[in-house]
1. Here is a check on your reading of the model: is His154 under 18 Å from Ser95 (Cβ atoms) and either in a loop (DSSP other than H, G, I, E, B) or in contact with a strand residue (DSSP E or B) (Cβ under 7 Å, 6 or more places away or on another chain) (or both)?
2. What number of residues within the stretch 172-213 are surrounded by fewer than 24 Cβ atoms within 10 Å (Cβ to Cβ) and away from the ligand (no atom under 13 Å from the Cβ)?
3. Based on what the data block shows, is Ala106 away from the ligand (no atom under 12 Å from the Cβ), over 19 Å from the mean Cα position of the chain (by Cα), in a helix (DSSP H, G or I) and not aromatic (Phe, Trp, Tyr)?
4. Could you tell me which numbered condition Thr334 fails, if it satisfies all but one of (1) surrounded by 15 or more Cβ atoms within 10 Å (Cβ to Cβ); (2) closer than 19 Å to Lys278 by Cα?
5. Looking only at residues that are charged (D, E, K, R) and touching a Leu at 6+ places or on another chain (Cβ under 8 Å) in the stretch 27-74, which one is farthest from Glu263 (Cα to Cα)?
6. Are there any pairs with C-beta distances below 7 angstrom linking a residue in the stretch 103-122 that is closer than 20 Å to Leu214 by Cβ to a residue that is open to solvent by 10 Å² or more (accessible area, probe 1.4 Å) and aromatic (Phe, Trp, Tyr), with the two at least 6 apart or on different chains, and if so which?
7. Residues of the stretch 128-151 being at pLDDT 95 or above and not in a strand (DSSP E or B), which ones?
8. Can you tell me how many residues within the stretch 207-219 are farther than 21 Å from Asn177 by Cα and free of Cβ contacts under 8 Å to residues at least 60 places away in the same chain?
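The values are calculated or read from the model by the stated rules, or taken from the named source; none is laboratory data. In this text the structure is predicted, and so the values were computed from the model without any measurement. Cβ coordinates were reconstructed from backbone atoms using ideal geometry, including for glycine residues, and neighbour counts include every protein chain displayed. Keep in mind that these areas ignore ligands, DNA and RNA; they rest on the heavy atoms of the full protein, side chains included. Shrake-Rupley method; radii C 1.70, N 1.55, O 1.52, S 1.80 Å.
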Amino acid sequence: MSEHLSPEYLVSLGQQFGTPLYVYHAEKIKEQYNKLTTAFSRSRPRFFYACKALTNINILKYICSLGANVDCSSINEVKLAIQAGFSPGNILYTSNGIAFEEIIEAQSLGVIINIDSLSNLEKFGRHYGHSYPVGIRLRPNIMAGGNLKISTGHDKSKFGIPVDQIDKVLNIVQQYNLHIADLHIHTGSEIKDVDVFVKGIEILFDIIPKFSELQFIDLGGGFKVPYKDGDVETDMQLLAAKVEEAFASHPNPGGRPLEVWFEPGKFMVSECGYFITKVNVMKETNAATFVSVDSGFNHLIRPMFYDAYHRIENISNPNGTPKRYSVVGNICETDTFAWDRTINEVHEGDYLVFHNAGAYGFEMSSNFNSRYKPAEVMVKEGEAHLIRRRDTFDDLLRNQIIL
Ligand SMILES: *Cc1c(COP(=O)(O)O)cnc(C)c1O
């Protein structure tokens, strides 16, 4: 049975902690992680939670306790991961366009590093030569993912070193006798077609023989989760079968087994999250019946930024007559959460919950309009814990220097 929190319980959390409120259900994260670890039978891949999706320290600690590894997008995420209890050997820093100073810092912390430019690879060579194993982030020139903004592997993307520049990579590797331990590709987010990962493997298999010390290949993240009714999740069983089949049909160069890595972000934490808001105002117009909630894209930017669909449920009136509404925020900027959406009859004061709010929800929130960032709650073993208090007025002024 799939883990979820009931409407009544979510209403009680809204009442207890106030709104807007992010709620994360720990056992759902565990369920997702178990899907990953049980799907693969022959190979035993390593999973690195791409923590930019949700970095609350308690979530990191929980994911660490499950036995997962972690993938970081900044040196601060690396430091958060260390604070959460991950050991450096289980922390991957997949960099992109960063200053070389951050790579020096990551190296001194002892974490695994993926480098994504010829320039930083050269600097790495000059500094460390063969002494510190390192990975290379390649750009496979594959178009995949739900939306151009979240596609990273295509031929106009800034991410990774284009595979067609592999000769330049090899020159640097040779010049500095670099120890290349892994090759990395991440093609995008919301990939449901598992063949995209197989295509990635095919591209890497042409390149693998050029690196004699390779131990890992890292296929990135981007697994799809269902947002709407009828949406599918990336089929992990099928992915596992295809990946294992691809490996079986390509004997490893040198006969050494290569470990496969994945970096799931959204897959781990999207569905564990519920964003609870309260209806401030109802407004009838010719175009729509607007429902204004006590939030906006300052708290959940995905609908405005990615045209993302989040299922919205009236948890105060779960059996009400379905009607059509446009759900909007309260900030001074167009912030439509949903246009012409069927929701059980809404009244002012009702609690509306946005589903799938765990990934890139709180994490991308801001103080736009000088609104407070929401509080966060983690529900674990049936108990609700406040894991971040709501901002206060002092927080808005905290780093300002009043002249
Ligand atoms: C964002 C990111 C991921 C995770 O993507 P999801 O769509 O959340 O699974 C994985 N790897 C890298 C390098 C990323 O930047």
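1. Numbers: under 18 Å from Ser95 (Cβ atoms): no; either in a loop (DSSP other than H, G, I, E, B) or in contact with a strand residue (DSSP E or B) (Cβ under 7 Å, 6 or more places away or on another chain) (or both): yes.
Against the criterion (under 18 Å from Ser95 (Cβ atoms) and either in a loop (DSSP other than H, G, I, E, B) or in contact with a strand residue (DSSP E or B) (Cβ under 7 Å, 6 or more places away or on another chain) (or both)), His154 does not qualify.
2. 27
3. Numbers: away from the ligand (no atom under 12 Å from the Cβ): yes; over 19 Å from the mean Cα position of the chain (by Cα): yes; in a helix (DSSP H, G or I): yes; not aromatic (Phe, Trp, Tyr): yes.
Yes: the conditions hold for Ala106.
4. That leaves (1) as the condition not met.
5. Going residue by residue through the stretch 27-74, those that are charged (D, E, K, R) are 27-28, 30-31, 35, 42, 44, 46, 52, 61, 71.
Among the residues that remain, those that are also touching a Leu at 6+ places or on another chain (Cβ under 8 Å) are: 30, 71.
Working: Lys30: 16, Asp71: 6 Å.
Here the residue is Lys30.
6. Gln107/Tyr128; Gln107/Tyr132; Asp116/Phe159; Asn120/Phe100
7. If the condition is that a residue be at pLDDT 95 or above and not in a strand (DSSP E or B), then Tyr128, Gly129, His130, Ser131, Tyr132, Pro133 are the ones that fit.
8. Taking the stretch 207-219 first, the residues farther than 21 Å from Asn177 by Cα are 218-219.
Subset that is free of Cβ contacts under 8 Å to residues at least 60 places away in the same chain: 219.
Matching residues across the stretch 207-219 total 1.
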